[in-house]
1. Need one number: the % of Cα-Cα pairs in the range B:12-121 sitting beyond the 20 Å mark.
2. Among residues other than residue A:280 whose Cβ falls under 14 Å from its Cβ, what is the net charge (Lys/Arg +1, Asp/Glu -1)?
3. To the nearest 20 debye, what is the magnitude of the charge dipole of the protein assembly as shown about its Cα centre, counting +1 on the Cβ of each Lys and Arg and -1 on the Cβ of each Asp and Glu?
4. Hey, fewest Cβ within 10 Å first, where do B:279, A:52, A:290 land in order?
5. Could you give each residue of the range A:144-153 its phi-based ³J(HN,Hα) in whole Hz, using Karplus coefficients 6.51, -1.76, 1.60 with θ = phi - 60°, and x for Gly or Pro?
6. Counting only the backbone N, which residues of the range B:13-34 are under 16 Å from the spot 7 Å out from the Cα of residue B:88 toward its beta-carbon?
7. Nothing charged except the Cβ atoms of Lys and Arg (+1) and of Asp and Glu (-1): what's the magnitude of the dipole of chain A about its Cα centre? Round to the nearest 20 debye.
8. In debye, nearest 20: dipole of the range A:1-145 around its Cα centre with unit charges on the Cβ of K, R (+) and D, E (-)?
Amino acid sequence: MDRPAGVFDVRYEQDMAVVRTGPQWATLIGFLILLAVLPLFAGSYFLSFMILTGIALIAVLGLNILTGYAGQISLGHQAFVAVGAYTTAVLMDSFHWNFWATVPMAGIAAAGVGVLFGLPSFRLKMLYLTMSTLAAQFIIMAFFNHAFPDYFHSVSGIRVNRPELWGIDFRENEAFYYVVIVIAVLMTFFAKNLVRSRSGRAFVAIRDNDLAGEVIGINVARYKLYAFAIGCFYAGIAGSLWATYFRNVNPPHFHIDVSIWYLGCLIVGGMGTTVGAVFGVLFLRIIKELVTFISPILSGMVSPIDAPKIAPGLAVISWTSVVVLFLIFEPRGLAHTWEVLKSRFRHWPFKYSI
Amino acid sequence: MVSFLQFITGGLFLGGMYTLIALGIVTIYKSTRVFNLSQGWMVTLGAFMLVTLVKWFGPVPGVIAGLAFGALLGLAVDRLLMRPLIGQPLIAAFLLTIMLAYIFEGINILVWGSFSYEMPLKLPGHPIRLGEVVLGHSLLWGIGVAILAFAAFSLFYWRTLMGRVMRATAEDHQTAQSLGLPVKGVFSLSWVLAGMLSIIGGLFLGVVSGVNMLMYQSLLGAIAVVLLGGLDSIAGAIVGGMILGLIQSLVTGYLSPSLADVIPYIILLGILIIKPYGLFGLVRIERL
């Protein structure tokens, strides 16, 4: 932990604080105020960008706890998002629940399914566990595709209405933005705190060496299940918001590509850091928007036969190449780059020291 | 009874294709310990490439050019992407192959678009008639080639010097390096072999069912084969492939086609829970 010269911790509370110095408080509060007033001057395009980023951030934070901290790589995270989305949609559509009651239910349902598919982690490690989460992705999505057509309406999709609270109508994106951002900020805060707690340290111990963790008295099986439960709880909340944002729940939304995209966000941002999840999601979201902006221009430059290939091709190649470059040249992700930058700034004109 | 025989043949053909993909994955895994998830995508890319090459050069030179392309593809992946990751955690290389799969998919879309193509190639022979049953000769070719590939790989691994070098490398990289074996060369060779296998798989799959973008969706099921047979077992690749192909074909025929897509993953989850190292896989004891 690197701090400006002259800042010392004299009490335990200071040593444990997340926000340590005055300037940090100032930037944090300034950032929150900026988030709060954003809808006043941002266009609808930027608002929907922020909402989608917020939803993806919640999902990636969950994946970060599961994969980044506890080391259980999941290739099926979007399926757990789907569990959350379907919980909200079915409860609102078939049982006429209130939206606000379905959000925690979506998280709990996803956590339950996550624990179920986390059970193989008792025996399996690394590659083998990854394969079982891949199986989870396909089995869960096949379930939503084929089981209970009366509830899941896999052909037409389930329509979801946006909620209302205290006279505020959340059908407008300006209002819905606040729902997503408030939940995202709370979840980020919770994730940041969780990893400093006893459970968080147990997760890191399991990730670094599970046998050694077991030897020093960590109940590995239980903490693996905790990691699955918490990670998938995040996914469920994200799914609930996803369903209400798109107002329609359809199996193609929850393709494995998105699961891989979440993993890509984590790699780009840096596994095992909360700030990395934020950086990674923002970075890959911006690349996605850039591609949708550039590809019509590129399509205009090639022959009409080739034009329709550009957009879908670039959409896939762009972010995966970025992830590959990060894996080769900066495996610790943007979070590490950020630390290096800060350290350089502090030690200038000397060389950085990370 | 008639349809049963046809399901069996179809299943064996599918199993043969699974075997070809699984052989590629196993070859890479055995020597480099990297699980190549993009093998199915390499098969698809190979099939598209074959369509173009056969159109340009005619059947036989086209297929030879395709094999050269597969070898180059494997070599390029190893030298450009895998070599810099030596020394990193293995899981990084695994994640890279996932991303690689999507890069292949993007290249496919950019170059060939999302259309279906016919493989402009006929396999010699004609359908065999057994009473009322008509067996497509392309299917039999596919099964035969899969068995041939299995036999060739077994011979290569157990009878040739290079095969012994590869098995030694598979045992332990550091020991192999200190004994003077060309470990990096073995890595490259296994990627080249996997690339050529993917071209062969793409050829037969393309002839039978056409070349389209949906291929890798079904080919992802091959990872279930690899885990069923054991990650480092050549025999496991063919046994697992045939078992999965038969089950999938019979389920499609008798129960419901919608169930068939999930079958590989249900088997995958089952085998992982019951016997994680697969039927013939080597059980590694973990040490601190």
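Values quoted throughout were computed directly from the atomic coordinates according to the rules given, and no laboratory measurement underlies them. The model shown is predicted, which means the values in this text are computed figures rather than measured ones. Neighbour counts run over all protein chains shown; Cβ positions are idealised from the backbone, glycine included.
1. Values: 2729 of 5995 pairs.
Counting pairs separated by more than 20 Å, the tail of P(r) holds 46 percent.
2. Working: positive: A:285, A:288, A:332; negative: A:330.
Summing Lys and Arg as +1 and Asp and Glu as -1 gives +2.
3. Working: 38 positive and 27 negative charges, 265 e Å.
Using Cβ point charges on Lys, Arg, Asp and Glu, the protein assembly as shown gives about 1280 debye.
4. A:290, B:279, A:52
5. With the stated coefficients, the range A:144-153 comes to 5, 6, 10, 8, 6, x, 5, 9, 8, 6 Hz.
6. B:33-34
7. On the way: 24 positive and 18 negative charges, 155 e Å.
Around 740 debye, computed over chain A.
8. Numbers: 5 positive and 5 negative charges, 49 e Å.
Roughly 240 debye, rounded to the nearest 20.
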